[in-house]
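*Asks:* Mind looking over this structure? Questions follow.
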Amino acid sequence: MVVNLSIQSNVSQLGQGVSLPNFQRNYCTYNEQRTNELLNAKEEALPYIDTFLKTANTEEQVLDGLQVLDKMLDKGVKGIDKMYPTIARFNDVTSPNVQVMLAGIYRKTLVPDAFGPLNKMMFRQTIMPNSPYFDPTEEIGGAIMEYLKNQSNINSTMVQKPSEALISKQ
């Protein structure tokens, strides 16, 4: 693999300049220029981000890496679902900021293995809410609903196909 120094440099700086929510702002802020440069690299940046997230150890680093992946999903970058084993290491993190980022990614990728952790996050948030700035259950619940909606679509398609076959034979 040829090392792209620009991508590697941007990824190594993830977490720097991240501002967490506070009483004046109920969301995180990120270095948008760095994020945009990684978005422009598309799939080429994924191995670097994957390696970075395997060793990320601060909330800011994790959030910055996850927010880049979330924005990449919005731009149609392929292969992020394959990173589930890496990002799943954050499933038990109690940070509401991380939980919201994970829920957003899981909502868009619909990786089957993420459904259980989403329910665990929802249960934990219901019993012990831990954010004075926003309600993480909105995003977590939305992700769970997307999984249920997707499952309903799969089930209704499976139910319709046999009946369509019967109709076409008559």
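The values are calculated or read from the model by the stated rules, or taken from the named source; none is laboratory data. Remember, it's a predicted structure, so these values are computed and weren't measured experimentally. As a convention, Cβ positions derive from the backbone with ideal geometry for all residues, glycine included, and neighbour counts pool all protein chains shown. For accessibility, only protein heavy atoms count, side chains too; no ligands or nucleic acids. Shrake-Rupley method; radii C 1.70, N 1.55, O 1.52, S 1.80 Å.
*Asks:* Per residue, how much accessible area does region 1-129 have with a 1.4 Å probe, in Å²? Before the final figure, lay out the partial values.
*Replies:* Details: 6690 Å² over 129 residues.
Ligands and nucleic acids excluded, the figure is 52 Å² per residue.
*Asks:* Just round it to a whole percent: the fraction of Cα-Cα distances in region 14-101 exceeding 14 Å. Walk me through the numbers before you get to the answer.
*Replies:* Details: 2358 of 3828 pairs.
Within region 14-101, distances greater than 14 Å cover 62 percent of Cα pairs.
*Asks:* Note the full-extension length gain between Asn31 and Ala88 as 0.36 nm times their separation in residues minus their Cα-Cα distance, in nm to one decimal.
*Replies:* On the way: separation 57, 0.36 × 57 = 20.52 nm, distance 2.42 nm.
In short, 18.1 nm is gained.
*Asks:* Right, here's the next one. Work out the FRET efficiency for Phe23 and Asp113 from their Cβ-Cβ distance, taking R0 = 41 Å, and round it to the nearest 0.05.
*Replies:* On the way: r = 36 Å, r/R0 = 0.88.
Between Phe23 and Asp113 the formula returns 0.70.
*Asks:* Can you find, among Ile80, Tyr27, Asn150, the residue farthest towards the positive end of the dipole of the chain? Put +1 on the C-beta of Lys and Arg, -1 on that of Asp and Glu.
*Replies:* Final value for the positive-end residue is Asn150.
*Asks:* Here is a further query. With +1 on each Lys and Arg Cβ and -1 on each Asp and Glu Cβ, and nothing else charged, work out how big the dipole of region 1-106 is about its Cα centre, in Debye to the nearest 20. Write down the numbers at each step before the final one.
*Replies:* On the way: 9 positive and 12 negative charges, 17 e Å.
Roughly 80 debye, rounded to the nearest 20.
*Asks:* If each of Ser131 and Ser6 carries a label point 7 Å out from its Cα toward its Cβ, how far apart are those two points in nm?
*Replies:* Rounded to a tenth, the inter-label distance reads 3.3 nm.
*Asks:* Could I ask something else about it? Once you have the Kirkwood Rh of region 81-143 from its Cα pairs, apply Stokes-Einstein at 25 °C and 0.890 mPa s and quote D in µm²/s.
*Replies:* Numbers: Rh = 11.5 Å.
So the translational diffusion coefficient is about 214 µm²/s.
*Asks:* Further question: Take the Cα atoms of the chain, build their convex hull, and give its volume per residue in Å³.
*Replies:* Numbers: hull volume 23.6 nm³, N = 170.
Enclosed volume per residue, from the Cα hull, is 139 Å³.
*Asks:* Let me ask something else. Ranked from highest to lowest mean number of other Cβ atoms within 10 Å per residue, what is the order of the peptides 117-126, 135-144? Before the final figure, lay out the partial values.
*Replies:* Values: 117-126: 17.7, 135-144: 19.5.
Output ranking for 117-126, 135-144: 135-144, 117-126.
*Asks:* Which entries of Lys54/Lys149; Lys75/Lys120; Lys120/Lys149 show an alpha-carbon separation above 27 angstrom in the structure shown? Show your work: numbers first, answer last.
*Replies:* Details: Lys54/Lys149 31 Å; Lys75/Lys120 29 Å; Lys120/Lys149 19 Å.
Exceeds cut-off: Lys54/Lys149; Lys75/Lys120.
*Asks:* Tell me the net charge near Arg89. Cut-off is 13 Å between Cβ atoms, Arg89 excluded, with +1 for each Lys or Arg and -1 for each Asp or Glu. Let's see the in-between values first.
*Replies:* On the way: positive: Lys54; negative: Asp50, Asp92, Asp113.
Value of the local net charge: -2.
*Asks:* Using alpha carbon centroids, what distance separates region 34-82 and region 7-33, in Å?
*Replies:* Taking the Cα centre of region 7-33 as reference, the centre of region 34-82 is 13 Å away.
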